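Working notes for the structure below.
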Amino acid sequence: MMQVGIFGTGYAARARGLALQADGRATLRWFVGRDPQKTETLAQEFQTKAYTDWRLALADPLVDLVFVGTANSSHEPLVRQALLVNKHVVVEYPLALTYAQAVALVALAQERGCLLHVEHIELLSTIHHNLKTELTTVGQPLYVRYTTQTPAHPAPERWSYNLEIFGFPLIGAVSRLGRLIDLLGEVTAVRCQNQYTDVRDGYFQSCYCAAQLTFASGTIGDLLYAKGVGVWRSQVILDIQGMTGSLHLDRETITVYAAGEPRILEAGGRRGLFLRDTQAVLDHLLEDKLLYISQKQALYAMQVAEACAESAATGDVVRVLADNC
């Protein structure tokens, strides 16, 4: 029976608690959060301990595994401290706010002989499985467009709208790149633009981040991540155009266009994905089964995301090395 601790008190942290309860192969020992009342309330729900000091929590000698489900900027320091006391770690993406920090954490985990797993539940979804399965219909992919837009009127003053806490948009939301790379393979070059509006005390009102990706296969990609007051329509759209057909994802529905009539696949939502990720981690630790994503894959998505950040800062096309793909 694994002994587990959870950093965080938000949606991801509670989802991990529920997943551990449903699996039954681990005992949850504590939650750590900044807000004493919120942390205590969550701990009472799961009948476990509440801490506001991460040092006290990590001093617990019985804990084997910790989950980090906090704001993005706290991932790197919490993961590092947990690894330094020889705990296995699962962290919600992104692993860190820079590629160099992510590489250093992976090296530390290997040095300590600990698991370091970066959650990318988008790869576990029925949506993603169906897209990969139907890629044969498309033939050689020529062009991909991936758009996620979230309106907010007004923009919330929370960490996901803070420049320093969320990080560069395609690092903070690296799952978008993770999905495209898993579908289409290595990226050789990126060009990116990023725009914030009305930044006050580190919080922005809206964000538009657009990247053009060149894949090694020759596929051209356009990726848009946008949120806030400057967005007026909620969208999750992915189009893949190829020599023999195309795929169109609109939220949770995939339409397959090829010879004959279009086919519609109900792709399903995100329900149950934290449970599947948690079960995969426990399967790996207890039964030595392979995880669905490797450290190498997670690092490569971070490498491409940082190339996008560099391009947005310089205005140049940035080449992406293939050594982590």
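The values are calculated or read from the model by the stated rules, or taken from the named source; none is laboratory data. Predicted, not measured: the structure shown is a model, and the values here were computed from it. Every residue, glycine among them, receives a Cβ derived from its backbone with ideal geometry; neighbour counts consider all protein chains shown. In case anyone asks, the SASA skips ligands and DNA or RNA and just uses the protein heavy atoms, side chains included. Shrake-Rupley method; radii C 1.70, N 1.55, O 1.52, S 1.80 Å.
Among the residues examined, Arg158 does not qualify as closer than 14 Å to Gln303 by Cα, open to solvent by 10 Å² or more (accessible area, probe 1.4 Å) and without any contact (Cβ under 8 Å) to a residue 60 or more places away in the chain.
Matching residues to (1) out of contact with any Lys or Arg (no Cβ under 7 Å at 6 or more places or on another chain); (2) open to solvent by 30 Å² or more (accessible area, probe 1.4 Å):
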| position | (1), (2) |
| --- | --- |
| Leu177 | yes, no |
| Tyr196 | yes, yes |
| Gly202 | yes, no |
| Cys207 | no, no |
| Phe215 | yes, no |
| Leu224 | yes, yes |
| Val229 | yes, yes |
| Trp232 | yes, yes |
| Gly242 | yes, no |
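For region 33-50, the condition holds for no residue, the condition being that it is within 22 Å of Phe166 (Cβ to Cβ), without any contact (Cβ under 8 Å) to a residue 40 or more places away in the chain, hydrophobic (A, V, I, L, M, F, W, C) and open to solvent by less than 20 Å² (accessible area, probe 1.4 Å).
In the condition set (1) within 30 Å of Gly10 (Cα to Cα); (2) within 23 Å of the chain's Cα centre (by Cα); (3) open to solvent by 70 Å² or more (accessible area, probe 1.4 Å), Leu249 is compliant with all but (3). On inspection, Val256 does not qualify as part of a loop (DSSP other than H, G, I, E, B), at negative phi, among the aliphatic types (A, V, I, L, M) and touching a Pro at 6+ places or on another chain (Cβ under 8 Å). Considered as a group, the residues in region 263-299 that are at pLDDT below 95 and part of a loop (DSSP other than H, G, I, E, B) include one that is least open to solvent (accessible area, probe 1.4 Å), and that residue is Ala267.
Filtered by the rule that a residue be under 17 Å from Ser175 (Cα atoms), open to solvent by 20 Å² or more (accessible area, probe 1.4 Å) and assigned to a loop (DSSP other than H, G, I, E, B), region 72-95 gives a lone residue, Tyr93. If you go through region 23-38 one residue at a time, do you hit one that is at pLDDT 95 or above, in a helix (DSSP H, G or I) and in contact with a strand residue (DSSP E or B) (Cβ under 7 Å, 6 or more places away or on another chain)? No, that holds for no residue. Condition check for Val256 on (1) at pLDDT below 95; (2) farther than 21 Å from Tyr93 by Cβ; (3) among the hydrophobic types (A, V, I, L, M, F, W, C); (4) touching a helix residue (DSSP H, G or I) at 6+ places or on another chain (Cβ under 7 Å): one failure, at (1).
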